[in-house]
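Undergrad: This is the structure I have questions about; it appears just below.
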Amino acid sequence: MKDSLLLKAYSENDFKRIGEKLLEQLSVHLSNTINENNSKVINWNTPENELLFWQNFLEKGNTEDFFNEIIQRTTHTHHPKYVGHQVGATAPITALTSLVSSFLNNGMAVYEMGMSPTAMERIVTDQICEKIGWDKNARGLLTSGGTLANLTALLTARKAKVSHDVWNEGHTKPLGILVSEEAHYCADRAAKIMGLGEKGIIKIPVTVNFNMDVQKLETAYRQATENGIEIFAIIGSAPSTATGIYDDLDAIGDFAQDHNLWFHVDGAHGGAAIYSQKYSYLLKGIEKADSVVIDGHKMMLMPTITTALLFKNGADSHGTFSQKADYLLNDTDHEDWYNGGKRTFECTKNMMSLHWYVLLKFYGEGLFDEFVTRQYNLARDFEKTLYSHPNFELAVAPQSNILCFRYINEQLSDSELNHLNSKIRQTLLEDGEFYLVQTKLNGIHYLRTSLMNPFTTITHLKGLLEKIKTVAKSF
Ligand SMILES: Cc1ncc(COP(=O)(O)O)c(C=O)c1O
């Protein structure tokens, strides 16, 4: 046993030594990135070279360098010039809860394999339900990401609304859902997984402002019904991913009520605005929803991946995966809320409720208000700056912290501008000072920023525009 690899892998001394060094490295990284000391947002490498590096490292690299290399060779979300994807700079304390979750490794499927995190999950999801404006019948759960949560919600919707028992008998008639053409692609994927097929995903066109055109709902619904499709759900985006524009949840909620449809709100990104005293108006009507998704790892400062899926009527959530309609009672006469695995896709999942609980306990929900409000304010400042620059054009005035804009030059056609903006983005990526992304809207190539970092200021964003102008002129 003396030379046992198992003993080595479980050495308390190694754990402490490596862990203390890592904590020191991450603290320095935190300070260096936030303060922009000698660090780029991304040290770009091609996939082939990165693969080669890690193949070589596995063979010849020094174990002592492992964590440092990882830190250097990943995108620095804590850097204020990180304005790219919708994952953000984790509040450091939630990295510690990640560590605790990984170490204690309770599987969460049944109560006794995660007693405390199960209780915390109930507490945090109850609080979100209350914030949405629901009563005590509401219940939530935490699951691994918005994609999975949206699929889970649609399965619950089918169980609750469809006239026949698809879960047990399979499809006996075509089913469908209504969704904006700007909804996240996971809605489409969920519908396909559920066997609705292309015909069952009825895409509602958007207005010039990229939100669902609610005027078109009635006709779309009637046409689908006349074609023999049983529509059972409608999804509102809060907001949609590409543009960050919120659908009119109030109007969609009314439509759902009038047609007895399940109303699901995909608030993966901007559902967190329920905490913002200034911007919660964007979610007007969310209380009419039957289910809501909010990602902790997007606008709530938590690490990937943790998502709250909330149900107005908790009993519905017990029916999602149940074989029979016996969901409320489990050999007992009270609600079986504490055996999470019965209501989630996952059997085993991590102790993600720790992140939500620790932020509430240490800082309170004011933290979410401060963060969302700050980032949404910043987007409006950036909007003003963009309007004042003749070389830039916005796709649409921002509602959240997502902005799509492009570099323009009157002498170039749209197709030349598309090419130019695509080259600008690639150059910025390889340069690494800033990190932003891109999207296409109505055939136009836009640069896209999600202002996820709490240390990004308007000065950084003005610097980004200057950089883009310099890059554009270099071609
Ligand atoms: C509106 C919306 N829904 C769902 C998702 C998917 O969420 P996740 O990445 O947590 O699976 C995203 C991701 O960007 C999103 O923006």
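The values are calculated or read from the model by the stated rules, or taken from the named source; none is laboratory data. As the structure is a computational prediction, the values presented were derived from the model and not from experiment. So basically every Cβ, Gly included, is an ideal-geometry build from the backbone, and we count neighbours across all protein chains shown.
Undergrad: Any residue at all in segment 373-385 that's in a loop (DSSP other than H, G, I, E, B), closer than 25 Å to Gly145 by Cα and among the polar types (S, T, N, Q)?
TA: No, because not a single residue in segment 373-385 is in a loop (DSSP other than H, G, I, E, B), closer than 25 Å to Gly145 by Cα and among the polar types (S, T, N, Q).
Undergrad: Follow-up. Taking Leu155 as the residue in question, decide whether it is within 16 Å of the ligand (Cβ to nearest atom) and farther than 18 Å from Asp247 by Cβ.
TA: yes
Undergrad: A further question on this structure: Would you check if Ala273 is part of a helix (DSSP H, G or I), over 30 Å from Phe371 (Cβ atoms) and of a type outside the set (D, E, K, R)? Even if it seems obvious, please write down each step before you answer.
TA: Working: part of a helix (DSSP H, G or I): yes; over 30 Å from Phe371 (Cβ atoms): no; of a type outside the set (D, E, K, R): yes.
No, not satisfied.
Undergrad: Right, something else. (1) surrounded by 16 or more Cβ atoms within 10 Å (Cβ to Cβ); (2) modelled with pLDDT of 95 or more; (3) among the hydrophobic types (A, V, I, L, M, F, W, C): which one isn't true of Val208, the others all being true?
TA: Evaluating Val208 over (1) surrounded by 16 or more Cβ atoms within 10 Å (Cβ to Cβ); (2) modelled with pLDDT of 95 or more; (3) among the hydrophobic types (A, V, I, L, M, F, W, C) leaves (1) as the failure.
Undergrad: If a residue has to be among the hydroxyl-bearing types (Ser, Thr, Tyr) and farther than 16 Å from Leu22 by Cβ to count, how many in segment 60-85 make the cut? First the steps, then the outcome.
TA: Taking segment 60-85 and keeping what is among the hydroxyl-bearing types (Ser, Thr, Tyr), we get 63, 74-75, 77, 82.
From the residues that got through so far, the ones that are farther than 16 Å from Leu22 by Cβ too are 75, 77, 82.
Matching residues across segment 60-85 total 3.
Undergrad: Quick one: which of Asn45, Asn68 is outside the structural domain of Gly146 (by TED's automatic domain parsing), outside any helix (DSSP H, G or I) and over 24 Å from the mean Cα position of the chain (by Cα)?
TA: Criteria check complete, one pass: Asn45.
Undergrad: Would segment 164-182 turn up any residue that is at negative phi, within 16 Å of the ligand (Cβ to nearest atom) and surrounded by fewer than 16 Cβ atoms within 10 Å (Cβ to Cβ)?
TA: Yes: one or more hits.
Undergrad: Among the candidates Ile202, Ile245, Ile274, which residue alone is surrounded by 17 or more Cβ atoms within 10 Å (Cβ to Cβ) and more than 16 Å from the ligand (Cβ to nearest atom)?
TA: Exactly one residue qualifies, and that residue is Ile202.
Undergrad: Identify, from the list Lys298, Lys288, the residue that is modelled with pLDDT of 95 or more, of a type in the set (Lys, Arg) and touching a Phe, Trp or Tyr at 6+ places or on another chain (Cβ under 7 Å).
TA: Details: Lys298 fails: touching a Phe, Trp or Tyr at 6+ places or on another chain (Cβ under 7 Å).
So the residue among Lys298, Lys288 that is modelled with pLDDT of 95 or more, of a type in the set (Lys, Arg) and touching a Phe, Trp or Tyr at 6+ places or on another chain (Cβ under 7 Å) is Lys288.
Undergrad: Taking segment 426-475, which residues are of a type in the set (Lys, Arg), closer than 22 Å to Arg380 by Cα and assigned to a helix (DSSP H, G or I)?
TA: Lys462, Lys467, Lys469
Undergrad: What are the residue pairs meeting all of these: first residue in segment 351-375, first residue under 14 Å from Thr90 (Cβ atoms), second residue hydroxyl-bearing (Ser, Thr, Tyr) and part of a loop (DSSP other than H, G, I, E, B), Cβ atoms under 7 Å, and 6 or more apart or on different chains?
TA: Met352/Thr306; His355/Thr306
Residues checked against (1) free of Cβ contacts under 8 Å to residues at least 40 places away in the same chain; (2) in the same structural domain as Thr449 (by TED's automatic domain parsing); (3) surrounded by 13 or more Cβ atoms within 10 Å (Cβ to Cβ):
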site: Leu26; (1), (2), (3): no, no, yes
site: Asn37; (1), (2), (3): yes, no, no
site: Val41; (1), (2), (3): no, no, yes
site: Phe57; (1), (2), (3): yes, no, yes
site: Met108; (1), (2), (3): no, no, yes
site: Glu112; (1), (2), (3): yes, no, no
